[in-house]
Every structure is written in C-alpha cells, then in structure tokens.
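Notes follow the structure.
The values are calculated or read from the model by the stated rules, or taken from the named source; none is laboratory data. This is a predicted model, so every value here is computed, not measured. Here the Cβ is made from the backbone with ideal geometry for all residues, glycine too, and neighbour counts use every protein chain on show. Accessible surface areas use protein heavy atoms only, side chains included; no ligands, DNA or RNA. Shrake-Rupley method; radii C 1.70, N 1.55, O 1.52, S 1.80 Å.
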Amino acid sequence: MSTDHLDFSDNTLAQTLFGEHGQHLQIIGRTLGVKLSARGNQVTVTGSADEVHLARRTLTELYDLVQAGYGLHPQDVQYALKILQEKESASVKELFLDTVYISAMKRRISPKSLNQKRYIEAMRSHDLVFGIGPAGTGKTYLAMAMAVAALMNHEFIRIVLARPAVEAGEKLGFLPGDLYEKVNPYLRPLYDALHDMMDFDKASRLVQRGVVEVAPLAFMRGRTLNDSFVILDEAQNTTSEQMLMFLTRLGFGAKAVITGDVTQIDLPAGVTSGLVEARQLLSGVEGIAFVYFTERDVVRHPLVQDIIRAYEGRRTRLDVINREHHD
C-alpha cells in the first residue's frame, strides 16, 4: 500500500475540484480502487503505488483545468480518467479547452478522448475525413459542431447532412405518407444534433433558406457541392455505388466527413458496404484521413458506467455459479 498527500493552493478551486459532497473524489476512488479523503484543501490518497500515482496525476490535471476557468462536471472526471489511463502524459487541459463550438445551451463542445482530439485535428487539416467506430463516440456530433462553427465563421456557404434512407432492407415505398414523411424518421437524429447546436428557430430558418440541408443520400445524385461542409452519417449502410456517387459530389472549397460503424451493417446479405470498400481502397490516399474509435471513446453519463459495472458483476457471478455447477 502507498499513501500520497496533495495540497491545493486555492481553497475555493479545491472545493470545485473535489465536487459537491466530494463526488469527484468518489468517482476517482471508485474507478481506480483507491481511498481518497479530503480535509480543507488537502487530499490523502491510499492504495497501490501505480493507482495512487494515477490518482495524483488526475487530480493535478483537473486542478489545472479548474484554474483555467473550466466548469468541472462529474462526467469530465470520468473522461479525464479514461484519457490518463490510456496515455498518462496526455494534457487533459489541452483537450478539454480545445473548444470546437459553444452549443445553444451554452455547453462547451470539445474533445473528451484522445481519438476525439485526433478526429477534430483531422477535420481541421483534411478535406475528406472518415470517422469509423461504435455508436456514442461523438463521430457525428463533433462533425456537426465543426460544420456549424465553420458556417458561423463564413468558411462555407452551407451545410449538407446526408444519411442512407433505407436500412435493414426496408424500402421507402412500403412506408406510409409522402416522400418527406417517408424519409424524415431516418433523418431525425441529424435534426436532433443540429437543434442541440443552435436554438430551434435559428436552425429552422437556416433549413428553410437551404443554408442547412438535411436529406437522404439519394438526393445527392447529379449534384456538385461547392463551398459546402458535407456530412454523411451511417455510411456503413451505403452500397459501393452510393459511396462512389457521394465522394464524386465534392466540388471546390468543400469538406466532407463520413461516419459509420462497420460492425452495424444493415445491408442485405451479399451487398458490399460502401464504407468497408472505401476503407480498403482509400486508406493510402494522401489528403484523406481515417480516424478509428473504440469502446473507450464512448461518451456516456457516469451513471451508465455504474449500470454497466453492475451488470458485468452479475454476469461474472453467474459464470462462476455455472462453472461450479458443471464441476
């Protein structure tokens, strides 16, 4: 067992660091398996040497962040721990203060993992970026934030948000309603992300004026998109032909971000995913960036982590019981 003592110079900032009723310290202790006790502006950490060292590093990084005026939330503590567990030398302050956009709810949108940071840097420096990985990793959300920020800065004249409108083999013709009613359910997640970036009335005005266009991928055919920030979401459900069609729509001054999860392909059996093929064909092409996300990049409410941990514990207990039964 190892024990370490930390003193923080500013008592008010220390209380922000510790969290309400010591909530932030509890998260660190539970995640790393160490014991933290606070008194005034001092913290004592007890546990294994490696985990105590990581707890100190986390608290020091978060204190620097609070000193810079960042409003620390419990989920930020979770993200910081995941970042430092992956790369202890990482600067949490540098990541969290890399503001992409301030949302309609005045929430700072910034990278919360090392791969999210790589993704943002790739979008800044490349005209074509592929973001590939599981749901919940911020692929579409961060691309949307980058697009809205660029539009507000007059770097592009419009944003085009596209999605394949047919999933799990379902044909639009079998759905009730007119064309808008048929495709709207598929595009709803893009509208939701857009409305999280800006207030509803402003977003609606931009959509009505065509400055922001939300459309099924099929509507891209025959067009050339100049000076546009284009996002193709759920790209794993494009066919090879659809992906080629989309990629050849890009005009001068355009930027495209293509997101998808190659483990969640809903195309009929035997149909090649356009995203899978593009990854194979374009991964060596200069000027195109591929960023891969993993489960470690999933951005979740801290409570979800506890729920997952509880279910994993239950599963482990059941496995032990089953082994004992068979023995």
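Some observations on this one:
- The combined condition, being touching a residue at least 12 places away in the same chain (Cβ under 8 Å) and part of a helix (DSSP H, G or I), is not fulfilled by residue 290.
Residues checked against (1) under 10 Å from the mean Cα position of the chain (by Cα); (2) farther than 29 Å from residue 283 by Cβ; (3) open to solvent by less than 20 Å² (accessible area, probe 1.4 Å):
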{"site": "75", "(1), (2), (3)": "no, yes, no"}
{"site": "83", "(1), (2), (3)": "no, no, yes"}
{"site": "99", "(1), (2), (3)": "no, yes, no"}
{"site": "102", "(1), (2), (3)": "no, yes, no"}
{"site": "119", "(1), (2), (3)": "yes, no, yes"}
{"site": "137", "(1), (2), (3)": "yes, no, yes"}
{"site": "144", "(1), (2), (3)": "no, no, yes"}
{"site": "148", "(1), (2), (3)": "no, no, yes"}
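- Checking each residue of region 228-236 against the condition of being modelled with pLDDT under 95 and aromatic (Phe, Trp, Tyr) gives no match.
- Residues satisfying the stated conditions in region 42-62, i.e. surrounded by fewer than 20 Cβ atoms within 10 Å (Cβ to Cβ) and either outside any helix (DSSP H, G or I) or touching a helix residue (DSSP H, G or I) at 6+ places or on another chain (Cβ under 8 Å) (or both): 42, 44, 46, 48, 51, 57
- Summed over region 10-41, residues that are polar (S, T, N, Q), closer than 21 Å to residue 96 by Cβ and either open to solvent by less than 50 Å² (accessible area, probe 1.4 Å) or over 31 Å from the mean Cα position of the chain (by Cα) (or both) total 2.
- Matching residues in region 265-324 - criterion: being at pLDDT 85 or above, open to solvent by 80 Å² or more (accessible area, probe 1.4 Å) and either polar (S, T, N, Q) or out of contact with any helix residue (DSSP H, G or I) (no Cβ under 8 Å at 6 or more places or on another chain) (or both): 269, 270, 280, 281, 286
- Total residues in region 63-109, condition farther than 20 Å from residue 13 by Cβ and either assigned to a loop (DSSP other than H, G, I, E, B) or aliphatic (A, V, I, L, M) (or both): 15
- Residue, surrounded by the most Cβ atoms within 10 Å (Cβ to Cβ), within region 233-248, restricted to residues that are of a type in the set (Ser, Thr, Tyr) and closer than 8 Å to residue 273 by Cα: 238
- Failed item in (1) open to solvent by 20 Å² or more (accessible area, probe 1.4 Å); (2) over 30 Å from residue 199 (Cα atoms), with residue 108 passing the rest: (2)
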